[in-house]
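J.: My questions will all concern the structure given below.
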Amino acid sequence: MPLEEINFDGIIGPTHNYAGLSFGNVASMRHGGQVSQPRAAALQGIDKMRANLALGLAQGVFVPHPRPHRGWLEALGSKIEKADPPLAAAAMSASAMWAANAATVSPAPDTSDGRCHLTVANLRTMTHRSHEWPATLTQIRLAFGDERHFAVHAPVPPAFGDEGAANHMRLTPGHGEPGIELFVYGVSGGAFPARQHVEASKAIARLHRLDPERTLFVQQSERAIAAGAFHNDVVAVANERVLFAHSEAFEDREGVIARCERLVPGFELVEVAADEVPLEDAISSYLFNAQLVSPPAGEMTLVVPSEARKTASVWAWLERHVAVNGPIRRVEVVDVRQSMANGGGPACLRLRVVADTSTVDPRFLVDDDRLDAIADMVRRHWPVEIDHADLQQPALIRDVEAARAALLEAMDLSEMASS
Ligand code: SUG
């Protein structure tokens with residue numbers, strides 16, 4: 001079987017809530033304190049996966065992590081029932097749903113040992129995300145356990161923040177061919193933290209045995225981080241030979257373009273100028289947090305969140321450019337509003353892995369029937385609503401733990417019950 005791009009989406013967990021935990025993430029800060037709808041959120045995520053399947057794309061999933069994270073609270077000398085509310089909220093977060101932050105992936109054609117390398121992200125900058133990595137590592141080791149084809153690395157040491165594929169892009173003539181990899185790091189972002197450290201990016205490039213000649217380290221613009229683009233995938237996305245980016249995404253715009261032109265035959269830049277779509281509109285609409293995909297039988301398609309349609313400058317830009325000129329030929333709109341309210345768009349919800357599907361543990365791959373079974377568990381067990389003031393209620397905790405256990409059983413993954 002040939003190598004193909006597989007999108008692994010995080011199934012949105014039963015504790016999805018709005019606790020306003022992510023400083024620098026404008027949507028999370030704005031929606032903090034609102035009532036969330038975990039069941040609707042998870043069903044929206046499943047529908048997005050169905051849309052990928054309908055395009056003929058291979059689809060995988062990651063399962064929600066155990067929440068509350070009892071082990072993390074225990075290590076802090078606390079318990080969910082008694083923890084201070086901010087600590088309890090961090091232990092209840094469903095943030096592992098944003099699979100783009102799970103790991104950085106270098107496909108086999110780029111690495112010197114011909115295996116696909118994955119390094120789990122340490123996510124050390126945000127408290128509620130810093131404890132995700134052990135469960136992510138367990139899951140990635142299971143899904144990509146075939147060492148003939150995959151090399152899975154534990155996170156780089158927490159001295160250097162790493163946010164995974166959200167700050168990594170790949171340009172290639174075709175997914176199964178050698179590509180160039182761009183690691184986008186932050187230095188500062190005004191009042192907001194830069195989450196990706198250049199030393200973490202460099203370490204991953206070394207661990208993944210990438211060719212230094214085909215590896216770029218690119219600084220994210222300070223202005224983008226300060227405007228709320230806490231990850232590069234909020235202002236740029238790459239697919240095959242195409243880089244779709246905002247003109248203010250990178251600190252050294254000309255340098256990035258020149259190097260891509262030199263290294264990628266047929267490189268195409270689709271750039272959105274700041275005078276057509278201001279950075280703030282790009283960030284609130286998540287125009288760039290789109291899935292830019294190449295369906296096997298179709299034309300390059302941009303899968304945008306419904307917020308893009310509601311933002312006048314963004315929708316006008318798409319109407320003016322897509323299918324008129326350039327390589328992006330179609331736009332698909334998906335509704336992931338529950339995730340968007342926490343700053344997670346269509347691209348945040350998925351991790352791209354280039355692999356032969358027959359080398360992946362099949363329990364992590366889905367078709368429409370498996371999605372039906374997952375949706376059934378969601379409808380039966382996911383809470384309809386969560387008020388973040390109720391995060392420590394014993395009845396809610398009992399329900400969300402039972403919900404995850406039921407899902408794992410339905411997916412034949414009960415061995416992950418405690419991890
Ligand atoms: O890390 N939001 C996530 C959103 C991650 C988006 N991922 C990518 N851009 N790839 C974050 O900021 C909000 C959680 C809360 O407020 O409860 C949150 O963690």
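The values are calculated or read from the model by the stated rules, or taken from the named source; none is laboratory data. All values derive from a computational prediction rather than experimental measurement. Neighbour counts are summed over all protein chains in view; Cβ atoms, including those assigned to glycine, are modelled from backbone coordinates with ideal geometry.
J.: State whether the residues of region 214-226 include one that is part of a loop (DSSP other than H, G, I, E, B), in contact with a Pro (Cβ under 9 Å, 6 or more places away or on another chain) and either farther than 20 Å from Phe192 by Cα or at pLDDT below 95 (or both).
T.: no
J.: Right, something else. If you scan region 110-153, which residues turn out to be hydrophobic (A, V, I, L, M, F, W, C) and free of Cβ contacts under 8 Å to residues at least 24 places away in the same chain?
T.: Matches in region 110-153: Trp133, Leu137.
J.: Which of the residues spanning region 235-248 are within 16 Å of the ligand (Cβ to nearest atom) and in contact with a helix residue (DSSP H, G or I) (Cβ under 6 Å, 6 or more places away or on another chain)?
T.: Of everything in region 235-248, those that are within 16 Å of the ligand (Cβ to nearest atom) and in contact with a helix residue (DSSP H, G or I) (Cβ under 6 Å, 6 or more places away or on another chain) turn out to be Val235, His246.
J.: For region 46-61, check the following and say yes or no: at least one residue is within 16 Å of the ligand (Cβ to nearest atom), closer than 22 Å to Trp133 by Cα, buried (at least 22 other Cβ atoms within 10 Å of the Cβ) and modelled with pLDDT of 95 or more.
T.: no
J.: What number of residues within region 305-346 are out of contact with any strand residue (DSSP E or B) (no Cβ under 7 Å at 6 or more places or on another chain) and of a type in the set (Phe, Trp, Tyr)?
T.: 1
J.: Is there any pair with a first residue in region 218-240 that is more than 30 Å from Glu299 (Cβ to Cβ) and a second that is among the acidic types (Asp, Glu) whose Cβ atoms are under 7 Å apart and which are 6 or more apart or on different chains, and what are they?
T.: Qualifying pairs under 7 Å: Gln219/Glu251; Gln219/Asp252; Ser221/Glu248; Ser221/Glu251; Glu222/Glu251; Arg223/Glu248; Ala227/Glu280.
J.: Right, another one. Looking at region 7-28 only, could you name the residues that are farther than 22 Å from Val303 by Cα and more than 8 Å from the ligand (Cβ to nearest atom)?
T.: Of everything in region 7-28, those that are farther than 22 Å from Val303 by Cα and more than 8 Å from the ligand (Cβ to nearest atom) turn out to be Gly13, Pro14, Thr15, His16, Phe23.
J.: How many residues, within region 107-144, are over 15 Å from Arg195 (Cβ atoms) and not in a strand (DSSP E or B)?
T.: Number of matching residues: 20.
J.: Right, here's the next one. Within region 370-404, restricting attention to residues that are in a loop (DSSP other than H, G, I, E, B) and of a type outside the set (Val, Ile, Thr), which residue is farthest from the chain's Cα centre (by Cα)?
T.: Taking the candidates together, the pick is Gln393.
J.: Here's something else I'd like to know. Is it the case that Gly77 is modelled with pLDDT of 95 or more and either in contact with a strand residue (DSSP E or B) (Cβ under 8 Å, 6 or more places away or on another chain) or within 15 Å of the ligand (Cβ to nearest atom) (or both)?
T.: Considered against the rule, which asks whether it is modelled with pLDDT of 95 or more and either in contact with a strand residue (DSSP E or B) (Cβ under 8 Å, 6 or more places away or on another chain) or within 15 Å of the ligand (Cβ to nearest atom) (or both), Gly77 comes out as no.
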